[in-house]
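> Supplied in structure tokens, the structure appears directly below.
The values are calculated or read from the model by the stated rules, or taken from the named source; none is laboratory data. Note that the coordinates shown come from a computational prediction; the quantities given were computed from them, not determined experimentally. Cβ atoms come from the backbone with ideal geometry, glycine included; neighbour counts cover every protein chain shown. We work out accessible area using only protein heavy atoms, side chains counted, and drop any ligands, DNA or RNA first. Shrake-Rupley method; radii C 1.70, N 1.55, O 1.52, S 1.80 Å.
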Amino acid sequence: MARTIYILNGPNLNLLGKRQPEIYGHETLADVERDCGRLAAELGVGLRFLQSNHEGQLIDWIHEARDEAAGIVMNPAAFTHTSVAILDALKAFDGPVIEVHISNVHQRESFRHHSYVSLRADGVIAGCGTEGYCLGLRRVASLTAP
Ligand code: DQA
């Protein structure tokens with residue numbers, strides 16, 4: 001059976017395309033899911049693409065990924081900068097984790113420069129727009145290749 005990769009999205013990313021398009025662009029999360037779905041099919045991996053505005057739900061999906069996923073691509077959104085609980089959940093996951101940010105967080109407000117998730121992530125992609133998701137997916141697929 002094909003290995004499955006989880007792509008997890010944090011708060012407000014359901015508004016992608018409508019929210020601050022000058023920063024996050026015009027593509028919607030459905031567009032990103034479609035692109036990642038096409039790439040996953042090309043790479044021969046399964047995909048579970050999820051978004052929640054709730055920290056606990058994201059943590060529950062990371063726990064689920066312990067049994068179900070070979071790797072995780074995650075845009076934790078604002079929880080990147082605040083959530084020790086998401087960091088701890090990711091530390092309990094054994095496969096590769098790639099952290100994705102659509103914007104270049106290092107060019108923005110100083111509170112966005114620190115990431116708890118980076119303490120666990122095997123790689124970080126920032127400032128590549130929504131293409132960063134496909135880059136992250138490619139990286140997790142290559143790190144988990146049989
Ligand atoms: C973000 C950057 C975060 O600082 C912000 O809170 C987001 C999105 C990004 O994709 O650029 O919601 O993770």
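> Could you give me the radius of gyration and the Dmax of the range 4-143, taking only the C-alpha atoms into account and expressing both in angstrom?
13.6, 39
> Taking θ = phi - 60°, what integer Hz values does the Karplus form 6.51 cos²θ - 1.76 cosθ + 1.60 yield along the range 130-140, in sequence order, with x for Gly and Pro?
Calculated HN-Hα couplings, in order: 6, 4, x, 5, 5, 4, x, 5, 4, 5, 5 Hz.
> Among His106, Ile72, Ile7, which residue has its Cα positioned farthest towards the positive end of the charge dipole of the chain, with +1 placed on the Cβ of Lys and Arg, -1 on the Cβ of Asp and Glu, and the dipole taken about the Cα centre?
Projecting each Cα onto the dipole axis, the largest value belongs to His106.
> Another question, if that's okay. Could you work out [θ]222 nm for the chain from helices alone, using -39500 (n - 2.57) per DSSP H run of at least four and dividing by all its residues? Round to the nearest 500 deg cm²/dmol.
-11000 deg cm²/dmol
> Whose amide H sits under 5 Å from the amide H of His101, counting only residues 5 or more places off or on another chain, with H placed in the peptide plane?
When sequence neighbours closer than 5 places are left aside, the close amide H contacts are Ile125, Ala126, Gly127.
> What does the accessible area per residue of the range 4-143 come to in Å², with a 1.4 Å probe and no ligands, DNA or RNA counted?
For the range 4-143, the per-residue accessible area is 47 Å².
> Starting from the range 1-46, pick out the trypsin sites (Lys or Arg not before Pro) whose DSSP state is loop and whose Cβ has at most 14 other Cβ atoms within 10 Å.
Of the trypsin sites (Lys or Arg not before Pro), the ones in loops of the range 1-46 whose Cβ has at most 14 other Cβ atoms within 10 Å are Lys18, Arg19.
> Then there is this: Hey, got the dipole for the range 4-143? About the Cα centre, +1 on K and R Cβ, -1 on D and E Cβ, debye to the nearest 20?
220
> For the range 46-102, calculate the relative contact order in percent as a whole number, restricting contacts to Cα pairs under 8 Å that are 6 or more residues apart.
Computed value for the range 46-102: 41 percent relative contact order.
> Let me ask something else. Please give the length that would be gained between Ala92 and Thr4 if that part of the chain were fully extended, namely 0.36 nm times their separation in residues minus their C-alpha to C-alpha distance (nm, one decimal).
29.9 nm
> Quick one: Karplus J couplings for the range 82-90, per residue in order, coefficients 6.51, -1.76, 1.60, θ = phi - 60°, nearest Hz, x for Gly and Pro?
Going residue by residue, I get 10, 9, 5, 5, 5, 4, 4, 4, 5 Hz, with x marking Gly and Pro.
> Normalising by the residue count of the chain, find the relative contact order in percent from Cα pairs under 8 Å and 6+ residues apart.
With pairs under 8 Å counted, the relative contact order is 28 percent.
> For the range 81-112 and the range 1-68, what is the separation of their C-alpha centers, rounded to whole Å?
Each part's Cα centre sits 14 Å from the other's.
> Then there's this: Under a point spin-label approximation (7 Å from Cα along Cα-to-Cβ), what is the His113-Arg34 distance to one decimal in nm?
3.9
> Starting from the Cα-Cα distance between Ile23 and Glu64, subtract it from 0.36 nm times their residue separation and give me the gain in nm to one decimal.
The Ile23-Glu64 span can extend by a further 11.6 nm.
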